[in-house]
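Visitor: I'd like to ask you about the structure that follows.
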Ligand code: CMC
């Protein structure tokens, strides 16, 4: 195996050069295209951030209007794609439905599968950004046994998604500005995070020249795992367990985690890159307070989560390992207050991460230095041996 270096989990290996997202894990810094995440979360919008990630610069107001209009034209799903969604069992996990439907987009939109034709890549980009929220809402409706709605293109992307999710064909739907703003902000916080597991998956699949729909579909699967995007639902499940099996005794649960007897790690804690407070978690923590208060929701889980954080941040086990709350720690409590069931949390992460995946795939495809991703290995199996003679 010559010069091959073993790096399990790619702890020290850069797989590409990228100009999209900058993270300094020790200082707790995150920037998209140079803009600090807290400024974007406070002042920008999810669509504007999507534009920034994909095209490299903030849009002018005309560019943003054009981008928004293009996306609005593509929010509907092909009626036959709805048949595919209808065929899944009602208790199907919405992440599986999401990934399958995105994969199927490649069969419905064969006119935009080229990876080299810029116009086709652009069309696939717009189709994905426009249709993923619709698919996600339909997966939700399916799980509830409720009728689906057609998108309303007078609404913006986040409002449209909320209406498709929580609206009924028989009633007018009124947006709640607190929910819309908070969800838009959460999507911004999730929009990119450089070479994480799902983004690396999107790049690896794309590096073999698979089309954008196939690459994103693979990314959604990667995101579904509880160590990655699935952590946001795992946090809520963990808080349920603490409530039900530990009588709400957070300290007792943390002891079990430390002794590796809890069956899980402390979900929503720790990060491969952040060895300091995750800057996104700080923003989400404040948002949780504001949103719950504005919605008049008094969830004892928020108090439990705060206590859990307090214990962990002062406990030697977590301190010595530099384990801090990550972006997923408080998001679930907000999503729950908005009315989303736990299975939908990771789907929300996927909607937020989509522009990042697309930006990274496009950057890779445009980079002349790109090669097919093909890691090496250290072989530890048998040396040559002869097939037994009869
Ligand atoms: N609870 C308890 N112990 C932990 C945790 C945790 N959440 N995270 C890491 N550790 C321990 C780990 O057991 C190890 O201890 P020891 O040296 O005694 O074996 C040490 O800390 C180093 O951890 P690691 O597993 O080598 O770290 P990693 O960089 O491979 O893993 C991680 C990073 C995020 C997968 C991990 O911290 C984890 O599983 N966290 C819980 C799941 C989670 O919240 N994931 C969301 C991550 S952020 C958003 C996203 O990626 O989607």
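Just so you know, all these numbers are worked out from the coordinates, no wet-lab data involved. Treat the numbers as computed from the prediction; the structure is a model and nothing was measured. We place every Cβ from the backbone using ideal geometry, glycine too, and count neighbours over all the protein chains shown.
Visitor: Rounded to whole Å and ordered largest first, report the semi-axes of the equivalent ellipsoid of the chain derived from its Cα gyration tensor (root of 5λ). Walk me through the numbers before you get to the answer.
Guide: Working: eigenvalues 192, 183, 98 Å².
Semi-axis lengths for the chain are 31, 30, 22 Å.
Visitor: Using a Gaussian network model of the chain whose springs link C-alpha atoms within less than 10 Å, name the residue from 18, 198, 214 with the highest mean-square fluctuation.
Guide: Maximum among the listed residues: 18.
Visitor: Write down, largest first, the equivalent ellipsoid semi-axes of segment 1-157 in whole Å, where each equals the square root of 5 times an eigenvalue of the alpha-carbon gyration tensor. Write down the numbers at each step before the final one.
Guide: Details: eigenvalues 195, 112, 64 Å².
Equivalent ellipsoid semi-axes, largest first: 31, 24, 18 Å.
Visitor: Moving on to the next point. What relative contact order, as a whole-number percentage, does the chain give when Cα pairs under 8 Å and 6 or more residues apart are counted?
Guide: Numbers: 524 pairs, mean separation 92.8, N = 390.
The value is 24 percent.
Visitor: Which of the three applies to segment 231-338, rounded, prolate or oblate, going by the alpha-carbon gyration tensor with a ≥ b ≥ c and a/c under 1.5 meaning rounded? Please list the in-between numbers first.
Guide: Numbers: a/c = 1.94, a/b = 1.23, b/c = 1.58.
Oblate is the answer for segment 231-338, as a/c is 1.5 or above yet b/c matches or exceeds a/b.
Visitor: Measure out, as a whole number of angstrom, how far apart the alpha-carbon centroids of segment 159-235 and segment 328-390 sit.
Guide: 13 Å
Visitor: Here's another thing I want to ask about it. Which of 318, 269, 329 ends up with the largest GNM mean-square fluctuation for the chain, with Cα atoms connected below 10 Å?
Guide: 318
Visitor: On to the next question. Connecting C-alpha atoms closer than 10 Å in a GNM of the chain, tell me which of 128, 30, 155 has the biggest fluctuation.
Guide: Among 128, 30, 155, the largest GNM mean-square fluctuation belongs to 155.
Visitor: Shifting gears a bit: Distance from the Cα centre of segment 306-320 to that of segment 42-72, in angstrom?
Guide: Cα centroid to Cα centroid, the span is 39 Å.
Visitor: Also, quick follow-up: Pop the C-beta distance of residue 314 and residue 76 into the FRET formula with R0 = 51 Å and round what comes out to the nearest 0.05.
Guide: Calculated transfer efficiency: 0.50.
Visitor: Rounded to the nearest 500, what is the chain's calculated 222 nm mean residue ellipticity when only DSSP H runs of at least 4 contribute -39500 (n - 2.57) each, over all residues?
Guide: Numbers: 17 runs with 220 residues, N = 390.
Value at 222 nm, helices only, nearest 500: -18000 deg cm²/dmol.
Visitor: Using per-residue counts of other Cβ atoms within 10 Å, averaged over each peptide, order 305-315, 380-390, 354-364, 72-82 from highest down. Don't skip to the answer; put the middle values down first.
Guide: On the way: 305-315: 17.6, 380-390: 4.7, 354-364: 25.0, 72-82: 15.8.
Sorting 305-315, 380-390, 354-364, 72-82 by mean packing, highest first, produces 354-364, 305-315, 72-82, 380-390.
Visitor: Sticking with this structure for a sec: Please tell me the relative contact order of segment 231-338 in percent, rounded to the nearest whole number, where contacts are Cα pairs under 8 Å and at least six residues apart.
Guide: On the way: 120 pairs, mean separation 45.2, N = 108.
Taking the mean separation of contacting Cα pairs over the length of segment 231-338, I get 42 percent.
Visitor: Continuing with this model, one more query. Relative contact order of segment 101-177, please, whole-number percent, based on alpha carbon pairs below 8 angstrom and at least 6 residues apart.
Guide: Working: 51 pairs, mean separation 16.7, N = 77.
This gives 22 percent for segment 101-177.
Visitor: Right, here's the next one. How many angstrom lie between the Cα centre of segment 89-116 and the Cα centre of segment 260-282?
Guide: Distance between centres, Cα-based: 31 Å.
Visitor: Say R0 is 56 Å: what FRET efficiency, to the nearest 0.05, do residue 178 and residue 372 get from their beta-carbon distance? It would help to have the intermediate numbers written out before the result.
Guide: Numbers: r = 47 Å, r/R0 = 0.83.
The formula returns an efficiency of 0.75 here.
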